[in-house]
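Structure record follows, encoded as C-alpha cells.
Read the figures in this text as sums done on the coordinates, not as results from a lab. Because the structure is a prediction, the values reported are computed rather than measured. Heads up, the Cβs are rebuilt from the backbone with ideal geometry, glycines too, and the neighbour counts pull from every protein chain shown.
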Amino acid sequence: MHRQLTGSVVIATHNPGKLAEMRELLAPHGIAAQSAAELNLAEPEETGTTFAANARIKAMAASRATERAAFADDSGLVVDALGGEPGIHSARWAGPDKDFRFAMNRIQTLLIERGARAPEQRKAHFIAALCLAWPDGHTEEFEGRVDGVIVWPPRGEAGFGYDPLFLPDNYDRTFGEMPALEKHGLPPLGLGLSHRARAFVMLAAACLKP
C-alpha cells in the first residue's frame, strides 16, 4: 500500500535547476517545498552504486535531519559508447564548480577518441530515480528514463546540466532548446517528456492527490 504525501516536503537537493523542476511538478498537488540548501542541511556522501540507492540516501538523510517527509532525485546521463559513463557520476564530472560546459567537452572528447561520430554511435539516455522518505524509514521509489543521442555542439540555453547535449528520440530540439513546459510539463499541458517527469507521473499516481 502506497503512502500518501500531504502538506509539505523537504526537497533534498542543493541544485537550483532540480529544485525549480521539482517545485513545478509538486505545485499542482498543493505540496509546499523547502530545499535542503534553504534549510542548511549538509549533503550526504552518495555511496550508492545505482541512481535509486543514491536517491534513497539523500531522501532519508534529509528526512531524519528535519523529521519531515523528504523527496530526493538522483539522475544522470548514461552514454552507451562510454560504457555507461558518466552515469551516477554525472554531477561529479562537472567538478566542484559545477562546470557542465567542461563536462560536456569531456564527453565529446571521449566520444571522438572512440570514433563515435555518427548518431547511431552516440546513443544515450537520461535516468531519474525519485525517492520519498519519511522519518520512520518508509520509502516510496520510482524511476523514469528517456532515450536519445549526444549532439555536438551543445544547443540551447534552457534547462541545466547536460541538457544542451541531449537530443531525445523523435525530437529535433535538445533539452537545452525546449521550454520548461515542453521538457517536463505534465498532461494536459505538457507531454511529460523528461526522465524526471516520467518518474514523477508514477510517483504522483501512487502518492499524491490529484
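Here's the picture: charge each Lys and Arg Cβ at +1 and each Asp and Glu Cβ at -1 in segment 1-56, and of VAL10, THR47, ILE31 the one pushed furthest to the positive end of that dipole is ILE31. Dipole check for segment 8-207: with +1 at the C-beta of Lys and Arg, -1 at the C-beta of Asp and Glu, and the Cα centre as origin, the magnitude is about 220 Debye. Dividing the helix sum by the residues of the chain, where each DSSP H run of 4 or more adds -39500 (n - 2.57), gives a mean residue ellipticity at 222 nm of -9000 deg cm²/dmol.
Among the GluC sites (Glu not before Pro) within segment 101-177, those in coil by DSSP and having at most 10 neighbouring Cβ atoms inside 10 Å are GLU157. Mind counting lysine pairs for me in the chain? Cα separation below 21 Å, and the two need to be 8 or more apart along the chain or on different chains. Lysine pairs meeting the criterion: 5. Based on C-alpha pairs under 8 angstrom that are at least 6 apart in sequence, the chain has a relative contact order of 19 percent. Kirkwood's formula applied to the C-alpha pairs of the chain gives a hydrodynamic radius of 17.4 angstrom. Any idea what log10 I(q)/I(0) is at q = 0.22, 0.25 Å⁻¹ for segment 103-182, Debye with uniform C-alpha scatterers and no solvent? Treating every Cα as an identical point scatterer, log10 I(q)/I(0) equals -1.01, -1.19.
The Cβ shell under 12 Å around LEU165 holds other residues with a net charge of +2, Lys and Arg each +1, Asp and Glu each -1.
Set the Förster radius R0 to 41 Å, insert the Cβ-Cβ distance between ASP97 and THR6 as r into 1/(1 + (r/R0)^6), and round the FRET efficiency to 0.05. With R0 = 41 Å, the Cβ-Cβ based efficiency is 0.60. Springs join every pair of Cα atoms under 10 Å in this Gaussian network model of the chain, and among ASP136, ASP97, ASP163 the largest mean-square fluctuation is at ASP97. Normalised by the number of residues in segment 114-210, the average gap of Cα pairs under 8 Å and 6 or more apart makes the relative contact order 24 percent.
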